[in-house]
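Before any comments, here is the structure.
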Amino acid sequence: ALKGVITASDKTDGNLYKEAYIEDITGGLRVVLNSTGGLSIGDSVIINIQGLFVGDYGNFWQLGDQPYHESDGDIRVAGIDMDERILKTSVNNPTKPDTATITEIKTTAYLGRLVALKDVQFTDEMNGLTWADAVSLVTMNRDLEDCNNKTIIVRTSGYCRYAGEMLPTGKGTITGIVTVYNGTYQFIVRDFTEVSMTATRCGVVEQPLGTPVETLSEDF
């Protein structure tokens, strides 16, 4: 059996679909589900893994049921039946993210894990863009950087509730799950309320304001 706490699920914001992420002291793992909305962040669960499969779609490990071929030839694991396989033992458990840098999370050790990235911002090229395409319901990649110009993709579903919101223009903290697809590391926000990016951008020095005056008199 596999025991752990759910750190991200498809019940929050709609950024995930038929999936959840489980974490224990050894690491994190994507769990593919055959239906939506059964698990919440903070659920402590036990998964009966007998007869299940581990897939590596895009070189990212995920737990699922009997593998199948997609139309393009890719092999993927099917979704797990939650009622048969997953026992929820408690709810509202704490899910404390690790704090790390963009450089640090681009390793296999962080895959599937919950991480908080601090002092990061979306690149200048992302200014004026939304998180995803909420009109055509298309998932989009947006470039996130730190003050050392290290970058990572933030990937957001066009179906999530904030897909049409403008990207924040400030610097701050963003929390989510680290994933990878064919060598490209990606970051997925698990809860939009955990995006706090309103501080001054990297390299910008705020000029302090002097004492305001009501009148000005000067001879020229």
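The values are calculated or read from the model by the stated rules, or taken from the named source; none is laboratory data. All values reported here derive from a predicted model rather than from experimental measurement. Positions of Cβ are backbone-derived with ideal geometry, glycine not excepted, and every protein chain shown enters the neighbour counts. With ligands, DNA and RNA removed, areas are computed over all heavy atoms of the protein, side chains included. Shrake-Rupley method; radii C 1.70, N 1.55, O 1.52, S 1.80 Å.
Structure above, values below:
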{"quantity": "Single residue of the stretch 168-185 satisfying the filter (open to solvent by 20 Å² or more (accessible area, probe 1.4 Å) and on the phi < 0 side of the Ramachandran plot) that is modelled with the lowest pLDDT", "calculated": "TYR181"}
{"quantity": "Members of the stretch 69-110 that are assigned to a helix (DSSP H, G or I) and open to solvent by 30 Å² or more (accessible area, probe 1.4 Å)", "calculated": "ASP83, GLU84, ARG85, THR103, GLU104, THR108, ALA109, TYR110"}
{"quantity": "Answer from ASP65, ASP133, ASP143 - the residue that is among the acidic types (Asp, Glu), at pLDDT 95 or above, in contact with a Gly (Cβ under 7 Å, 6 or more places away or on another chain) and within 17 Å of THR156 (Cβ to Cβ)", "calculated": "ASP133"}
{"quantity": "Candidates ILE25, ILE6, ILE47, ILE41, filtered to the one that is modelled with pLDDT under 95 and of a type outside the set (D, E, K, R)", "calculated": "ILE25"}
{"quantity": "Tally, over the stretch 111-140, of residues that are surrounded by 14 or more Cβ atoms within 10 Å (Cβ to Cβ) and either under 12 Å from the mean Cα position of the chain (by Cα) or part of a loop (DSSP other than H, G, I, E, B) (or both)", "calculated": "12"}
{"quantity": "Selection status of LYS88, more than 26 Å from ASN149 (Cβ to Cβ) and among the basic types (Lys, Arg)", "calculated": "yes"}
{"quantity": "Complete set of residues in the stretch 17-37 that are surrounded by fewer than 20 Cβ atoms within 10 Å (Cβ to Cβ) and basic (Lys, Arg)", "calculated": "LYS18"}
{"quantity": "Pair list, Cβ < 6 Å and 6+ apart or interchain, from the stretch 148-160 residues that are more than 13 Å from LEU129 (Cβ to Cβ) and basic (Lys, Arg) to residues that are open to solvent by less than 90 Å² (accessible area, probe 1.4 Å) and in a strand (DSSP E or B)", "calculated": "ARG155/ASN141; ARG155/GLN186; ARG155/ILE188"}
{"quantity": "Among residues of the stretch 67-91, those that are farther than 16 Å from ILE22 by Cβ, in contact (Cβ under 8 Å) with a residue 12 or more places away in the chain, out of contact with any Asp or Glu (no Cβ under 8 Å at 6 or more places or on another chain) and of a type outside the set (Asp, Glu), counted", "calculated": "2"}
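Residues checked against (1) without any contact (Cβ under 8 Å) to a residue 60 or more places away in the chain; (2) assigned to a strand (DSSP E or B); (3) within 18 Å of the chain's Cα centre (by Cα); (4) surrounded by fewer than 20 Cβ atoms within 10 Å (Cβ to Cβ):
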residue: ASN15; (1), (2), (3), (4): no, no, yes, no
residue: GLY42; (1), (2), (3), (4): yes, no, yes, yes
residue: VAL45; (1), (2), (3), (4): yes, yes, no, no
residue: VAL54; (1), (2), (3), (4): yes, yes, no, yes
residue: ASP65; (1), (2), (3), (4): yes, yes, no, yes
